[in-house]
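Below: one structure, written as structure tokens.
The values are calculated or read from the model by the stated rules, or taken from the named source; none is laboratory data. Just so it is clear, the structure is predicted and the values come from calculations on it, not from any experiment. Cβ placement follows ideal geometry from the backbone for every residue including glycine, while neighbour counts extend to all protein chains displayed.
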Amino acid sequence: MKFKRLPLGILTLATAAGLTWSIAGFAVQNEGVAALEAGPALSLADYATTESEVGPDAMKMASNIQRSMLATLAGRDASDPLVGQLAACWAEGSDPTVMGAFEDLLGGKDDVHSFQFSDGSRWSNTATDGFGLGQGDPTNITWSFIPDGTFIAGYIGEPGSNSSVIAFLDGVFGAGPGGADLTLRPWFTYFQQIFDNWASFTGLRYVYEPNDDGAAFVNTSGSLGVRGDVRIGGHLIDGASGVLAYNFFPNTGDMVLDTGDGALFGNAFQSFRAFRNVLAHEHGHGIG
């Protein structure tokens, strides 16, 4: 099986040549990234089984951890309710055959040309508006950050682990005064900007929910004063480059950042444009 197309919903990001950046506080994080990227090699049997699903080219170009992720996805039950419910964002230079293999296993393969689109899912219920929302109805979407320590399963085949998104972002951008009020963090403004931008393009209304009770992630509905409709977390996915983030479609909308991509996210070029582009692109999937 060969994959010749770039998967729908995938974003690749270029970083400007010659730029340097400085990121502090990643000694422990980097050890985790290195261990993840090295990963356990697949057994010959698992390698052969996965190769039969995705083709030899994808297996040749994938990293060890990506091969393990592909093996996990290939062995997933087709009736899994999350099949076809998320999209991934990839770094510039990622191999098209690897991206295509992931997209097909995630349930995104289709036979239409890339210039043909049909309406996908939209928000039909939110914490503010309740149930029964339809096309054109005014819609209010709340958003929150899950607490560090909230478990994130391996939704694209990566190892499940606890979210560390707040500590990660503090390490990349600084923690400001710290404390429970995340709006005072230097990085908060980049999230606010992308939601404000999407509001201006779509007519949706976004409201930051300062609370998140750490309820099961994903598929736990938003609740005013408790957690957002859209919830943001992060853990190690596949290390530097490769998958940068992934996002669920409505009525979930949750976002997972790869905490192994601190170098790219911390690139200050054009006010952290690469990071803002990832956030904006991924939430586009969260709109529907």
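Going through (1) aliphatic (A, V, I, L, M); (2) in a helix (DSSP H, G or I); (3) surrounded by fewer than 14 Cβ atoms within 10 Å (Cβ to Cβ) one by one, I194 falls short only on (3). In the set (1) out of contact with any Lys or Arg (no Cβ under 7 Å at 6 or more places or on another chain); (2) assigned to a loop (DSSP other than H, G, I, E, B), the condition left unmet by D212 is number (1). When each of V243, V218 is tested for being of a type in the set (A, V, I, L, M, F, W, C), buried (at least 24 other Cβ atoms within 10 Å of the Cβ) and either modelled with pLDDT under 95 or under 20 Å from M99 (Cα atoms) (or both), the lone residue that passes is V243. One residue alone among S79, S124 is modelled with pLDDT under 95, surrounded by fewer than 23 Cβ atoms within 10 Å (Cβ to Cβ) and hydroxyl-bearing (S, T, Y), and that residue is S79. Scanning segment 166-188 for residues that are surrounded by 15 or more Cβ atoms within 10 Å (Cβ to Cβ) and of a type outside the set (G, A, S) yields I166, F168, L169, D170, V172, F173, L182, R185, W187, F188. Exactly one residue out of G157, G234 is part of a strand (DSSP E or B) and crowded, with 22+ Cβ neighbours inside 10 Å: that is G234. Residue by residue through segment 231-266, note down the ones that are among the hydrophobic types (A, V, I, L, M, F, W, C) and more than 12 Å from the chain's Cα centre (by Cα). Passing the criteria: A240, A263, L264, F265.
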